[in-house]
Amino acid sequence: MIGKMDREKNLDRVRTPDGKIHLYIEELEDWMGEIEPEEEKTRLERGDFPFVLVAGRHFPYNANTIMRDPHWNRCKEVCTVLVSREDAEELDLKDGEKISVITEASRIVLPVEISTVAAKGVLVIPHGFGLLYQGEAYGANVNLLTKNTRRDRMTATPLHRFVPCRIERT
């Protein structure tokens with residue numbers, strides 16, 4: 001436990017003069033003023049990349065690749081690309097089938113895992129793989145799919161949760 005708080009009075013501890021939570025961020029004011037709905041809609045069009053990749057699915061057992069012996073996952077395939085049931089049906093994809101996931105930056109090959117976790121039009125790949133261990137590759141490094149020019153404007157962090165992509169059979 002980090003601390004105790006009365007759930008009925010949790011906002012009583014807000015320490016702004018008016019007791020409200022302020023969402024205004026001065027550094028974002030100019031940027032927010034630039035937003036035009038039609039322009040944003042055009043920016044979201046993905047053309048050759050009809051899917052969105054969420055790069056970085058989390059597991060309770062993910063670990064940094066430089067510290068992991070791949071022996072821990074010898075019993076099952078864990079570095080897969082989650083595909084929605086709807087997309088799998090439309091594309092006639094089967095569990096375990098290998099597909100290429102292609103972005104502006106790169107291409108990786110992974111087995112399909114048909115799932116209810118992924119929404120239609122969204123692919124999900126875990127992070128922490130792409131391990132080279134004793135000369136053999138384990139999984140795929142999802143970071144290779146993220147282009148360095150697609151990043152957050154303020155922090156310059158790559159946009160791992162919205163990577164336009166497409167898939168192809170291998």
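Structure summary
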{"quantity": "Any hit, region 155-162, residues being part of a strand (DSSP E or B) and surrounded by fewer than 14 Cβ atoms within 10 Å (Cβ to Cβ)", "calculated": "no"}
{"quantity": "Region 73-98, subset within 18 Å of the chain's Cα centre (by Cα) and not hydroxyl-bearing (Ser, Thr, Tyr), residue surrounded by the fewest Cβ atoms within 10 Å (Cβ to Cβ)", "calculated": "VAL78"}
{"quantity": "Conditions (1) part of a strand (DSSP E or B); (2) at pLDDT 90 or above: number failed by PRO17", "calculated": "(1)"}
{"quantity": "Output for region 134-154, where each listed residue is of a type in the set (Ser, Thr, Tyr) and in a loop (DSSP other than H, G, I, E, B)", "calculated": "THR146, THR149"}
{"quantity": "Boolean, THR103 is touching a Pro at 6+ places or on another chain (Cβ under 7 Å), at pLDDT 85 or above and under 21 Å from GLU45 (Cα atoms)", "calculated": "yes"}
{"quantity": "Positions within region 25-79 being outside any helix (DSSP H, G or I), of a type outside the set (Val, Ile, Thr) and modelled with pLDDT of 85 or more, in sequence order", "calculated": "GLU34, GLU36, GLY47, ASP48, PHE49, PRO50, PHE51, LEU53, ALA55, CYS79"}
{"quantity": "Any hit, region 105-128, residues being in contact (Cβ under 8 Å) with a residue 40 or more places away in the chain and part of a helix (DSSP H, G or I)", "calculated": "no"}
{"quantity": "Where a residue in region 134-146 is closer than 11 Å to GLY56 by Cβ and its partner, wherever it lies, is part of a loop (DSSP other than H, G, I, E, B), with Cβ under 6 Å and at least six apart", "calculated": "VAL142/HIS127; LEU145/THR103; LEU145/ALA105; LEU145/SER106; THR146/HIS160"}
{"quantity": "Criterion (among the basic types (Lys, Arg) and within 30 Å of ILE35 (Cβ to Cβ)) met by exactly one of ARG153, ARG107", "calculated": "ARG153"}
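The values are calculated or read from the model by the stated rules, or taken from the named source; none is laboratory data. As the structure is a prediction and not an experimental result, all values here were calculated from the model. Methodologically, a virtual Cβ is constructed for each residue, glycine included, from the backbone with ideal geometry; neighbour enumeration extends over all protein chains shown.
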